[in-house]
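Worksheet: one structure, shown below.
The values are calculated or read from the model by the stated rules, or taken from the named source; none is laboratory data. Note that the coordinates shown come from a computational prediction; the quantities given were computed from them, not determined experimentally. Virtual Cβ from ideal backbone geometry, glycine too; neighbours counted across all protein chains shown. SASA here: full protein model, heavy atoms, side chains in, ligands and nucleic acids out. Shrake-Rupley method; radii C 1.70, N 1.55, O 1.52, S 1.80 Å.
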Amino acid sequence: MIDWTSWIGTIVAIGIAVAIALAAVLGLRLLASLLSRKLKWMRELDRRVRRAWSAFCLVIAVWIAGAVSQPGREDWWPAVSHLLLIAAILTAAWLLAALVSFGFEGLLTRETVTFTGANLRRRRTQLLVIQRLTLVLIGVVAVGTVLFSFPALRIVGTSLLASAGIVSVIAGLAAQSIFGNLIAGIQIAFTDAIRVGDVVVIEGEWGRIGEINLSYVVVYIWDERRLVIPCSYFTTNPIETWTRKSDAILGTVYMDLDWRVPMDEVRAKFQEIIEASDAWDRRSSSVYVTDSQGGHVTVRFVMSSEDSDAQWVLRCEVREKMMTWLQQEHPEALPRTRIAVDS
């Protein structure tokens, strides 16, 4: 018989506990390998939770082995046991966070298949915000549980709660902007004001909403710069969005031309250009003289595209090809300044 109260028994107990923990880890991997033949996501789940599950099993195994053997009778064991309790809480939070992240990523993948366009951006934004809120909540609960595992902090916490009236007012005033941004971030996600992937113009900058966090939004500018804006900005300022209901968009090109421009030929050439372009979605096109002043007239070309990227390409293409065609075929239509000289 092994004397579990001896140090030899302690070593054996810890060895058995580590073996059991290793068996639990290998058992999970084996189960995931078997199930992955029918459920492909099981392999990814195993990869995501492997480290957290291993750490949690190891901590629990050592904690139990120490409690039932010689260390459990030593004066220093309560302090070590408390450290193991903290480690168990943190590894459990890590494991739960990994499971939550995997679950939300699976939902995002499914939404990508189910929805498209504006609906996809709306659902993706809401899921991302809920995921971050859940992860923050897990972290707060884990840290709070660790802190309240100390008896001294429980006493201090009770005292603080008794005087929370004044403290809460001071803290509320000090953190007004922080909480304002947090609330604004949640409001953005569920009021559908902006969504990840939306095309917007903010502060004169054109870009896409790249990230929506709990306190700030990152706009990816077209030239690869990044614009970081507090969430409260979007609830207190007007913004220009090009993809509110759909990605489809109209674009315009303005050209100042001479009064002698042949409009019928210009319309025919414009239609020829856009019909040859893959960027035109064939919804709308028109050419009109929208203004006339001084020595020139303003011709407006309107064309439609399936999204803003295609629209940009189409506008540049129309502008360039119309300019080249006018130079070659109708130079008299190019803008010029007339001066009358008396004889």
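Results, tabulated for the structure shown:
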read-out	value
Set of segment 251-268 residues, backbone N closer than 19 Å to the point 7 Å along the Cα-Cβ line of R283	251-253
Label point distance in nm, E240-T134, each placed 7 Å from Cα along Cα→Cβ	3.8
Residue-count net charge about I249 - beta-carbon cut-off 9 Å; Lys, Arg +1, Asp, Glu -1	-3
Two-site label geometry, V100 and A276: point separation in nm, points 7 Å out along Cα→Cβ	5.7
Estimated FRET transfer efficiency (R50, E332; beta-carbon r; R0 56 Å; 0.05)	0.15
Segment 235-343, accessible surface, carbon-and-sulfur percent (1.4 angstrom probe)	49
Cα gyration tensor shape of segment 208-343, rounded if a/c is under 1.5, else prolate or oblate by comparing a/b with b/c	prolate
Among 264-277, 137-150, the order from most to least packed when residues are scored by Cβ within 10 Å on average	264-277, 137-150
Gyration tensor verdict on segment 230-289 (Cα atoms; rounded if a/c is under 1.5, prolate if a/b is larger than b/c, oblate otherwise)	oblate
Förster-model FRET efficiency, 56 Å R0, V18 and V313, C-beta, rounded to 0.05	0.35
L34 paired with T290, simple spin-label distance in nm, labels 7 Å along Cα-to-beta-carbon	6.9
Potential lengthening between T324 and A88 on full extension [0.36 nm per residue; Cα-Cα distance subtracted]	77.8 nm
Prolate/oblate/rounded call for segment 199-241, Cα gyration tensor, a/c under 1.5 rounded	oblate
Among 296-307, 16-27, the order from most to least packed when residues are scored by Cβ within 10 Å on average	296-307, 16-27
